[in-house]
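Report on the following structure.
The values are calculated or read from the model by the stated rules, or taken from the named source; none is laboratory data. None of these values were measured; they are calculated from a predicted model. Note that we place each Cβ from the backbone using ideal geometry, even for glycine, and neighbour counts take in every protein chain shown.
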Amino acid sequence: MSRTAVTLPRHELIGLAVRVSDATDPGLVGIEGTVVNETTNTLVIGAGGRTWQVPKAAVTFEFELPDGAGDDPDSGASTVVTVEGVRLVARPARRTERRGDSTWR
């Protein structure tokens, strides 16, 4: 299964560009970088030699999918996908192994 806007929450997030677009803690809004690690409840975002451990349930993330991952794979443009962090709260291995109809839509 390819990584698309619809299936993103069921895929590996490490290595994707990400930005915190909204949060219950205003100090988290605007954090951006690359996902360097993931736990059940947090994403670790790194940029410029610094890392932030961001709680998934308290924020809304904007992930940038690489070229060709959006609705039109031939467009050549990257796609920004907004995901409520609470939809990502799960052990990464469990979240990515789900099959069948997506519960993440």
(request) Consider only pairs whose beta carbons are under 7 Å apart and that are at least six residues apart or on different chains; among these, list those whose first residue lies in segment 78-95 and is free of Cβ contacts under 8 Å to residues at least 12 places away in the same chain and whose second residue is surrounded by 14 or more Cβ atoms within 10 Å (Cβ to Cβ). (result) none
(request) Those residues that are touching a residue at least 40 places away in the same chain (Cβ under 8 Å), part of a loop (DSSP other than H, G, I, E, B) and farther than 15 Å from L88 by Cβ, I need them from segment 1-37; list them, please. (result) S2, T4
(request) Could you please find all residues in segment 1-24 being at pLDDT 90 or above, in contact with a helix residue (DSSP H, G or I) (Cβ under 8 Å, 6 or more places away or on another chain) and either surrounded by fewer than 17 Cβ atoms within 10 Å (Cβ to Cβ) or among the charged types (D, E, K, R) (or both)? (result) T24
(message) Taking the condition of being surrounded by fewer than 17 Cβ atoms within 10 Å (Cβ to Cβ), among the acidic types (D, E) and touching a helix residue (DSSP H, G or I) at 6+ places or on another chain (Cβ under 8 Å), how many residues in segment 25-62 meet it?
(response) 1
(message) Quick check on this structure: which one of G76, G68, G33, G85 is at pLDDT 95 or above and either in contact with a strand residue (DSSP E or B) (Cβ under 9 Å, 6 or more places away or on another chain) or among the small types (G, A, S) (or both)?
(response) G33
(message) So in segment 38-65, with the set limited to residues that are of a type in the set (A, V, I, L, M) and farther than 21 Å from R94 by Cβ, which one is modelled with the lowest pLDDT?
(response) L65
